[in-house]
Amino acid sequence: MTLSGRYGRAVARACDIAMALGVLIAANQYSEDYDLVLGLLMALCLLARRRFPGTVMVAVLALTVVQFALDDAPDTPLASSPAAYDVAVLFAMISVVHHSRTTWMPYLAGAAVLLATLAGTVGMPPLGIEPFADLEVLLTFWGLTLTVWLTAFVLHTRRLYAESQADRAVHVQREQEQRVRLAAARERADIARELHDVVAHSLAVMILQADGAESVLRKSPDMARSALKTIAATGRDAIDDMHRIVRVLREGNPDSADSGPPRRLVTLDEIEVVAERARAAGLTVEVSIEVGEGRLAPAEEMTAFRIVQECLTNVLRHAGAGAGVDIRLHEEQGTLLISVADDGAGTLAGRGVGGSGGNGLVGMRERVELAGGTFEAGPRLGSGWHVRASIPTRKK
């Protein structure tokens, strides 16, 4: 178990103090002049083992060399060797294995302890250290050292694995949150495009029909009545679409069983409906659709319909009644080609009934790009405007 925060730091500090006291108590059991001093210095070094594990390891090994050198003093031994407080060497090695930030330090620490034990066994004449143990004792020391090192290394590896799993879980959670935010952003963009298509087209048709009905109300009641019927039908469709969009905002799934009527599927047949309404508003619309039945997926038909609808909306806004529009859709080598062109010769040419700030073109471009296609829009040579889009199709 690994504690964190204030309690974790308190437990860690208590462990360091317990190790230091253990070394100091062990040193106090010996009666030579410098045993207590060496034990005290080793204990003080262990208090810094977490922050400076490598430095503490070197310091404790150096104190051990001094200890063995004092034990072999010429006149009388000044320190005991080996002694129980030499366990500080193992504590320092454990600290290096657990707290070092490099991969090679744990191996170096283990090798250093094994070599130091070997040097003490065979002796170090230049430092005045005589051999103190035979081969059997050496193997015992090595076995103890390797056991402690392996235990510390396994615990260290498990701790690193647990930390990596925790980091991975945090990373996965952040990725999930990012995906949710991106999905929400895409949903908002889709809703914004739907709102623009529904409101812009419907209002443009209704405004022009209302203006026309007002101008012919007394002279031709039948034409006024037809315009009012178109306004009513357009308004009902717009309300249905607005209800669907509101359900999406409230419940997040327009097709669920508890969300009211299912979503109205929009097909290429709807193009004739909006074209007829545009004709009723005063446009001259020619429609040519050469796409085999069942060749397009519902999303592709929706994209094509919305592009044509937006183009007619723009013609009504910026050219007005009297303008001619040519709409062509045909499939060629697995690609749906959409072409909408107007002559710009309407009664509102150069004035319009209110611009959309370019949002319509942006929405069309986004729809086409989401479908993996290309989009092009711009003025025609002379007058008018053209829109061309190509959408890759997939067989259902």
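The values are calculated or read from the model by the stated rules, or taken from the named source; none is laboratory data. Treat the numbers as computed from the prediction; the structure is a model and nothing was measured. Cβ coordinates were reconstructed from backbone atoms using ideal geometry, including for glycine residues, and neighbour counts include every protein chain displayed. To get the accessible areas, we keep the full protein, side chains included, count just its heavy atoms, and leave off ligands, DNA and RNA. Shrake-Rupley method; radii C 1.70, N 1.55, O 1.52, S 1.80 Å.
Points to keep in mind about this one:
- Rounded accessible area of Trp149 (nearest 10 Å², 1.4 Å probe): 40
- Asp33 paired with Thr140, simple spin-label distance in nm, labels 7 Å along Cα-to-beta-carbon: 3.0
- Extension gain for Val65 to Ser220 (0.36 nm times residue separation, less C-alpha to C-alpha distance): 44.1 nm.
- Amide N proximity, the range 78-95 versus Ile17 label position 7 Å along Cα-to-Cβ, cut-off under 13 Å: none
- Length gained on full extension, Ala111 to Thr151, computed as 0.36 nm times the residue gap minus the Cα-Cα distance: 12.9 nm.
- Distance between modelled label sites at Thr55 and Thr335, nm, 7 Å Cα→Cβ extension: 6.9
- From most to least packed by mean Cβ count within 10 Å, the peptides 302-314, 155-167 give 302-314, 155-167.
- Seen from Leu160, the other residues with C-beta closer than 14 Å to its C-beta sum to a net charge of +2, counting Lys and Arg as +1 and Asp and Glu as -1.
- Other residues within the sphere of radius under 10 Å centred on the Cβ of Val325, judged by their own Cβ, net out at -3 (K and R +1, D and E -1).
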